[in-house]
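One structure below.
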Amino acid sequence: MISQLSPADFKVWRDSARAAMPAALPVVLDVREPWELQTAWVKEDGFMLVHIPMREIAARLAELQVSHGTSHSIACLCHHGMRSQQVANYLAQSGFTKVVNLRGGIDAWSQQVDPSVPLY
């Protein structure tokens, strides 16, 4: 079962991930389409932002494994949390051990963390 992380609790998760692995920033994996990124995005703040559209995850799985390793903390993000949930499940089934889903997606991020992020 993939943990659901509310954007309001993200900073605590991020700080915990950084404390557990000080040499590596946790990753926010944004699985939205490029046009969505042009509309709204999160600003890196103590984490690394990686963009891989959901449709490309399977083809780029090895890239994630090599770049970050399967024990790296990854929070999956999409518009409302449904696509990111599917990607988080896929990553967990592929051996990634520290994956969470950002419940409510960037829409909830805008409401709970950064109101400057446009809603769409």
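The values are calculated or read from the model by the stated rules, or taken from the named source; none is laboratory data. A quick note: this is a predicted structure, and the numbers were derived from the prediction, not measured. Quick reminder, even Gly has a Cβ in these numbers, built from the backbone with ideal geometry, and neighbours come from all protein chains shown. Accessible surface areas use protein heavy atoms only, side chains included; no ligands, DNA or RNA. Shrake-Rupley method; radii C 1.70, N 1.55, O 1.52, S 1.80 Å.
Okay, here's what the table says:
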{"read-out": "Residues located in the range 75-120, provided they are among the charged types (D, E, K, R) and touching a residue at least 60 places away in the same chain (Cβ under 8 Å)", "value": "Lys98, Arg103, Asp114"}
{"read-out": "Subset of the range 52-74 (residues that are surrounded by 16 or more Cβ atoms within 10 Å (Cβ to Cβ) and β-branched (Val, Ile, Thr))", "value": "Ile52, Ile57, Ile74"}
{"read-out": "Test for Arg32: is it of a type outside the set (A, V, I, L, M, F, W, C), crowded, with 18+ Cβ neighbours inside 10 Å and assigned to a helix (DSSP H, G or I)", "value": "no"}
{"read-out": "Pick from the range 69-120, criterion in contact with a Cys (Cβ under 8 Å, 6 or more places away or on another chain) and among the β-branched types (Val, Ile, Thr), ranking: nearest to Val12 (Cα to Cα)", "value": "Val100"}
{"read-out": "Qualifying positions in the range 77-104 - in contact with a Lys or Arg (Cβ under 8 Å, 6 or more places away or on another chain) and either open to solvent by less than 20 Å² (accessible area, probe 1.4 Å) or within 20 Å of Gly46 (Cβ to Cβ) (or both)", "value": "Leu77, Cys78, Gly81"}
{"read-out": "Verdict on Gln4 being under 21 Å from Leu91 (Cα atoms), open to solvent by 60 Å² or more (accessible area, probe 1.4 Å) and part of a strand (DSSP E or B)", "value": "yes"}
{"read-out": "Ala23 outside any loop (DSSP other than H, G, I, E, B), over 15 Å from Thr97 (Cβ atoms), over 15 Å from the mean Cα position of the chain (by Cα) and of a type in the set (Gly, Ala, Ser)", "value": "no"}
{"read-out": "Counted residues, the range 105-114 - those being surrounded by 17 or more Cβ atoms within 10 Å (Cβ to Cβ) and not in a helix (DSSP H, G or I)", "value": "1"}
{"read-out": "Residue identified as out of contact with any helix residue (DSSP H, G or I) (no Cβ under 6 Å at 6 or more places or on another chain), surrounded by fewer than 19 Cβ atoms within 10 Å (Cβ to Cβ) and part of a helix (DSSP H, G or I) among Leu49, Leu37", "value": "Leu37"}
{"read-out": "Residue pairs meeting the criteria (Cβ under 8 Å; at least 6 apart or on separate chains; first under 23 Å from Gly81 (Cβ atoms), in the range 53-66; second modelled with pLDDT of 95 or more and loosely packed, with under 13 Cβ neighbours inside 10 Å)", "value": "Pro53/Pro34"}
